[in-house]
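**Q** Pasting a structure below so you can have a look.
Read-outs throughout are calculated quantities, based only on the coordinates presented, and are distinct from any laboratory measurement. Predicted model only: the values in this text are computed from it and were never measured. Please note: Cβ atoms are built from the backbone with ideal geometry, for glycine as well, and neighbour counts cover all protein chains shown.
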Amino acid sequence: MIPRASLCVSVRGHLWRICAVVLLAIALLPASPVLAQDGDARPVTPAALAQQLAHGPRLRTGAVPDDLRLPPGVTRDQVAQMPDRTQYAVIDYKVEGDSVHATVQLRATQDVFISSAQPDRNFAGDAVMNLGWDPGQYNAMRALLQFDLSPLPANAQINSATFYAYQTYINPTYDTSPMAFRAQFMQQPWSEGSVTWNNANYLGGAALPLGDLPPAIGWITGGATDAVKAWDRGQPNYGLIITGDETPSNGRWRQLYTRTIPQFAPYILVNYTVNCDTQPPIASLDTLPKYVPSEFKVTWSAYDPDQPGCKASGVANYDVQYRINGGNWTGWKNQSSATSNHFKGWAPNAAYVELQARATDKAGNVGAWSPPVATTVDSESPVATIDPLPQFTPYSTFTVSWSGTDNLSGIAYYNVQFRKNDGVWTNLIVETTEKSFQITGGQQGDIYRFRAQAADNAGNVQAWPTDAQAVTTIFDHPVGYPLPFNPFIIKPTAAVTNTIPVKWSGFTPPNTTIVEYKVYYRYEPFGGTLGNWTLWNTYPGSQETDNFDYKSAGTGNGLYEFYVTAKNNLDEEQPFDPQHELTEPVVLDLNDQLEIWAYLPIMSEYNENQ
């Protein structure tokens with residue numbers, strides 16, 4: 001019941017009086033059923049609720065103050081017929097099978113405004129709440145409201161809620177535009193009789209839109225479903241702080257009646273449903289891996305049990321919370337119908353993350369929070385690399401190996417690619433836990449490039465390195481080659497004419513030595529046919545020159561071509577392949593048959609693959 005002292009107040013020099021007769025009349029009205037306080041409501045069965053609603057209080061009229069300043073166009077007789085908005089009342093209800101649908105009027109228990117220009121003044125008991133900006137004595141003005149939700153059963157499913165307040169004054173009077181306003185949940189208790197700008201202005205928390213104040217005298221409405229649902233689901237009901245247009249240059253403000261005038265008091269109409277289902281659902285979350293990447297999927301579900309004679313109403317929505325490293329629980333999903341979502345990047349590397357869920361069924365029963373599931377975030381990718389390879393590999397078959405490191409969850413597998421000569425990157429082995437692989441089929445001069453990629457047990461995958469991490473060239477036999485002749489035409493005037501001086505050289509894989517050379521030649525007489533390659537001689541690796549006695553070979557003037565092969569101490573021998581390897585020509589012209597017209601430069605290309 002409203003404190004009687006609040007019924008005789010003074011507002012801006014206008015005295016509002018409610019006579020003792022009215023006070024007595026209010027005192028003698030039938031008492032409302034005893035209702036639980038906010039937070040103490042109990043679940044009820046549909047049958048019990050229907051009985052309560054059938055005998056619950058209905059709207060009734062209230063006494064009209066003698067000096068009530070009537071709104072424009074409203075008569076005292078009309079006010080006398082208006083219902084009392086300061087009481088709980090059953091507006092309507094309907095029984096449908098195992099469910100009861102009800103609409104009730106919930107009263108304001110506190111309503112007052114605060115002023116920035118009078119930051120220490122309390123305005124309790126005023127007949128109006130001011131909202132907006134008064135360029136005179138108030139400046140910024142904000143309204144504080146709190147409503148009694150205790151008549152709502154604990155298992156009520158809130159379908160809708162609408163806020164009502166009576167607007168009695170508009171400034172400027174010619175203002176024809178709606179004034180948008182917003183509400184914030186108050187974050188701690190406050191007292192109508194002591195609240196001021198200085199002790200309450202900063203108490204607003206999460207915001208929700210309520211609508212606009214139209215530029216007209218009369219009842220204004222706004223959607224209050226979200227606010228009532230939040231309070232019904234357990235958010236502390238400390239009421240709302242409402243803010244309008246506080247732009248000083250606009251000078252816009254509105255006045256709303258408070259509950260000192262029962263016919264024009266703020267109130268909320270709530271429509272709700274109570275089902276026979278009074279048992280809350282039981283929620284659970286799927287177990288998470290020990291380690292997860294920075295983004296990971298969380299899945300949850302719930303079981304809504306049947307009761308004797310009452311089928312479960314089914315899960316309506318879920319709430320999911322998380323906390324990091326044992327901190328405070330934070331809302332993640334609120335009243336969501338989804339059963340999974342991706343947790344994205346809110347936890348740092350190595351953070352210990354816990355999640356819990358609860359479910360609400362279609363009868364409005366809110367379940368307990370599930371046992372938490374936990375995991376550790378591993379947001380850093382592992383690093384894999386190919387072990388170093390020698391510049392030259394002296395075998396056509398060799399082994400490539402790799403290794404890797406990970407900061408937390410450990411390496412799950414490797415992918416390894418290779419690139420041969422100028423080809424494209426090709427998978428060598430994928431998703432393997434092995435750390436080596438044998439390469440076969442390499443040929444002399446083949447260049448192999450390798451790179452590795454690792455994935456850890458949290459699912460992080462290393463990006464492929466842009467460049468090769470290890471390179472080697474197949475060098476599985478020594479290479480011998482003849483040196484150019486100078487001059488390459490031997491004339492009768494040459495210093496030596498009875499033999500052809502031949503020089504050669506060679507190279508072999510590191511840590512090996514050439515132990516043997518074989519020198520071949522072939523001959524084409526002037527005007528004749530080019531002969532076959534013939535072994536001239538075999539030499540120790542230390543010898544790299546000799547004189548070719550063409551007379552002993554049975555040859556004379558013409559073209560000679562020489563080719564050299566080598567063998568090393570590992571018994572690796574250069575294949576005989578003069579078609580693809582270096583040969584050197586020389587011409588023996590002791591009869592001076594050839595006439596040189598011009599010398600052309602010799603252009604050659606060095607191929608590192610040879």
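**Q** Grab the eigenvalues of the alpha-carbon gyration tensor for the stretch 383-474, scale each by 5, take roots, and send me the semi-axes largest first in whole angstrom.
**A** 25, 12, 11
**Q** Ignoring solvent entirely, what values of log10 I(q)/I(0) come out of the Debye formula for the stretch 4-275 at 0.12 Å⁻¹ when each Cα is a single scatterer?
**A** -0.75
**Q** Fewest first, what order do H477, H101 take by the number of other Cβ atoms within 10 Å?
**A** Ranked by crowding around the Cβ, least crowded first: H101, H477.
**Q** For the residues Y521, Y303, Y481, what sequence is obtained by ranking on other C-beta atoms within 10 Å, fewest first?
**A** Taking fewest neighbouring Cβ atoms as first place, the list is Y303, Y481, Y521.
**Q** Quick check on the chain: of the DSSP beta bridges with both residues there, what percent are antiparallel, nearest 5%?
**A** Around 95 percent antiparallel, to the nearest 5.
**Q** R0 = 51 Å: FRET efficiency of L59 with Y303, Cβ-based, nearest 0.05?
**A** Efficiency computed from Cβ-Cβ geometry: 0.75.
**Q** Alpha carbons only, please: Rg and Dmax for the stretch 102-212, in angstrom.
**A** Cα radius of gyration and Dmax of the stretch 102-212 are 15.5, 48 Å respectively.
**Q** Hey, another quick one. Looking at the stretch 479-588, what % of its DSSP beta bridges pair antiparallel, to the nearest 5?
**A** 95 percent
**Q** While we're looking at this one, here's another question. For n ≥ 4 DSSP H runs only, could you compute -39500 (n - 2.57) per run for the chain, divide by its residues and tell me the 222 nm figure to the nearest 500?
**A** -1500 deg cm²/dmol
**Q** Among K229/K311; K297/K344; K290/K344; K491/K551; K229/K344, which pairs are too far apart, with a Cα-Cα distance over 20 Å?
**A** K229/K311; K229/K344, as the Cα separations exceed 20 Å there.
**Q** Moving on. Considering the alpha-carbon set of the stretch 282-377 alone, what are its Rg and its Dmax in angstrom?
**A** Using the Cα atoms of the stretch 282-377, the pair Rg, Dmax is 14.3, 51 Å.
**Q** Hey, what angle do you get for helix 46-55 against the long axis of the chain, alpha-carbon based, 0 to 90 degrees rounded to 10?
**A** Result, in degrees: 30.
**Q** Based on Cα positions only, what radius of gyration and what Dmax would you give for the chain, in angstroms?
**A** Here Rg and the maximum Cα pair distance are 48.6, 154 Å.
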